[in-house]
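Report on one structure; see the data block that follows.
The values are calculated or read from the model by the stated rules, or taken from the named source; none is laboratory data. What you see is a predicted model; the values in this text were computed from it and never measured. Every residue, glycine as well, gets a Cβ built from its backbone with ideal geometry; the counts of neighbours run over all protein chains shown. Side chains included, ligands, DNA and RNA excluded: accessible areas come from the protein's heavy atoms. Shrake-Rupley method; radii C 1.70, N 1.55, O 1.52, S 1.80 Å.
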Amino acid sequence: MSLNKTKIAIVSITNKGTELGEMVKQIFTSEDAMLYAPARVKNPNVDVPIEKGTFTFTVQQLFKQVDCLVLIMATGISVRTISPVIKDKTTDPAVLVVDELGNHVISLLSGHVGGANEWTELLAAKLNAEPVITTATDTEKVASLDIMAKKLNAWYPNFKANTKLINRKLAEKETVYLYIEEYYLDKVNCLTGFTRIPKSKIPEIVDAPVIIVSDKTDFAKQVNVIHVVPKLNVLGVGCRKNVTYEMMQTTFALFMSMHHLAWDSIASVASIDVKKNEAAILYLAKTLNAETEFHSAEELSAVDINYPTSDFVKKTVGVGNVASSSANYVSGNIVSIDQFKGKEITMALSHK
C-alpha cells in the first residue's frame, strides 16, 4: 500500500487524543495527512481546527473525501457520526478508531477493499497497540478473494455476491479450488484456505467453486467458475505516423485474440516519446481504461538489446524496436508475448 498517494484525515476530540494524533500523522508520512481537532484544543500542530457546532458535518465531509479516516475517540461516537454517510463497501473509505491512550486500533469499516485492516496492522505496530480486526477471513487466518484481487489490481464479475460467497466458504473451511498463473504468485502473499489445482483439472470440478486467476481467456464456460483478471499487463506499441483508430483497434483485437488474452488485463499502453501525441495510441488507451507511458529512445535503448531490431526504425526514432522495448522498460520484465506486426503497427506484451 502506498502511503505517499493516500489522503488521510486524523480527527481527535480531546487534548490527549490530539497529542496521539500528532504521532499518528508522523507515522502516516503522506503529505496529504491532516490533523483535525476542535478549536478549543490548543495545539499548534493541529492542521484544521473544527469550530464549535461543526464536528459532525466536518467528519461526514471528510468521510466522502479521504481514503483513510482515523478517529481518535470512542467507537460509539465514531459509529453515530459516520453512520448517515456509509454507502457501499466498494466506495467507502477505510475507517480506523483509536482510543486516546493508543492501546487499541480498531478496523471499523472497509477492512478489505478500503484497506482498513492493513492500515490497522501498520498503525498498531508503530504505536505498540493491539490491532482489532473482526473480518472473518482475517480472524480465521485464511485468504480472501477481494484482498487477493486488490493485490493483483484485478477485476471479477458480481463483486459483492462473489466476494461474500467465497470469503464465507474460506472462513468456514469449505473447499474453494484455485488455479493461478505462476507469474502472479509472487504478488499474492496468502493463499491459505484455497485448494490449488492445475489448469487441466478445472473442467473436472463440479462440487465446489473454482477461482481462476489469469489474464487468459481460453477457459471453458462453467457455472462454478469465477474468473479473476489481473490488470497488470503492459502493451508496447510501435506504429507509423497517423495510423487510424480502426487500424489500431483491429490490430489490437487480432493480437489479443491470437494469444487468448483478456482486454481487461491491460494496465498500461507504452511507446516511445515521439508518439506521445499519436491519436490512435491515446484512443486505444482510453478505450482500455489504461495508463499511457512514453519514454525516450535513450531510455528504451537500455532494453532494446533484448530484441530483434529494424535499421529503418532505429534511423527514424533512435531505437530499433519500439513495441518490445517499451513493454519491457515500463514493466521491468522481458516481454512474455513476442512482438506482433500488423499493418503499420507492432505490438508486444509484458507482465508487470
Check your understanding: For segment 273-282, does any single residue satisfy the condition of being under 23 Å from Ile334 (Cβ atoms), open to solvent by 30 Å² or more (accessible area, probe 1.4 Å) and either out of contact with any His (no Cβ under 7 Å at 6 or more places or on another chain) or not in a helix (DSSP H, G or I) (or both)?
Key -> no
**Study point:** Residue in segment 4-23 that is modelled with pLDDT under 90 and not in a loop (DSSP other than H, G, I, E, B) present
**Key:** yes
**Study point:** Test: Lys169 is within 24 Å of Thr90 (Cβ to Cβ), open to solvent by 20 Å² or more (accessible area, probe 1.4 Å) and within 22 Å of the chain's Cα centre (by Cα)
**Key:** no
Check your understanding: Quick one: which helices (runs of 4 or more DSSP H) sit completely within segment 27-145 and have at least 2 residues that are open to solvent by less than 30 Å² (accessible area, probe 1.4 Å) and on the phi < 0 side of the Ramachandran plot?
Key -> 55-65, 75-82, 116-127
Practice item. Tally the residues that are buried (at least 17 other Cβ atoms within 10 Å of the Cβ) and among the hydroxyl-bearing types (Ser, Thr, Tyr), restricting the search to segment 172-212. Key: 3
Revision key, fill the gap. Checked segment 172-199 for anything within 12 Å of Ile212 (Cβ to Cβ) and within 19 Å of the chain's Cα centre (by Cα); matches are Ile180, Glu181, Tyr184
Exercise for review: Could you tell me whether any residue of segment 288-301 is within 19 Å of Asn242 (Cβ to Cβ) and modelled with pLDDT of 90 or more?
Suggested key: yes
Study note, to complete from the structure: Contact list, first residue from segment 252-265 and free of Cβ contacts under 8 Å to residues at least 60 places away in the same chain, second anywhere and assigned to a loop (DSSP other than H, G, I, E, B) and open to solvent by 60 Å² or more (accessible area, probe 1.4 Å), beta-carbon distance below 7 Å, six or more apart or interchain, is His260/Thr217; His260/Asp218; Ala262/Thr217
Point to revise | Pairs with Cβ under 6 Å, 6+ apart, first in segment 66-86 and without any contact (Cβ under 8 Å) to a residue 60 or more places away in the chain, second aliphatic (A, V, I, L, M) | key: Val66/Ala9; Thr75/Val97; Ser78/Leu71; Ser78/Val97; Thr81/Val59
Revision key, fill the gap. Checked segment 283-292 for anything open to solvent by 30 Å² or more (accessible area, probe 1.4 Å) and assigned to a helix (DSSP H, G or I); matches are Tyr283, Lys286, Thr287
Check your understanding: Do the conditions hold for Asn153, that is, is it in contact (Cβ under 8 Å) with a residue 12 or more places away in the chain, under 15 Å from the mean Cα position of the chain (by Cα) and open to solvent by 20 Å² or more (accessible area, probe 1.4 Å)?
Key -> yes
Practice item. Confirm whether Val229 is touching a Lys or Arg at 6+ places or on another chain (Cβ under 7 Å) and either crowded, with 22+ Cβ neighbours inside 10 Å or of a type in the set (Asp, Glu) (or both). Key: no
Revision key, fill the gap. When every residue in segment 302-322 that is free of Cβ contacts under 8 Å to residues at least 24 places away in the same chain and in a helix (DSSP H, G or I) is compared, the one nearest to the chain's Cα centre (by Cα) is Asp304
Point to revise | Qualifying residues in segment 257-270 (those that are out of contact with any Leu (no Cβ under 9 Å at 6 or more places or on another chain) and either of a type outside the set (S, T, N, Q) or buried (at least 19 other Cβ atoms within 10 Å of the Cβ) (or both)) - the one farthest from Asn233 (Cα to Cα) | key: Met258
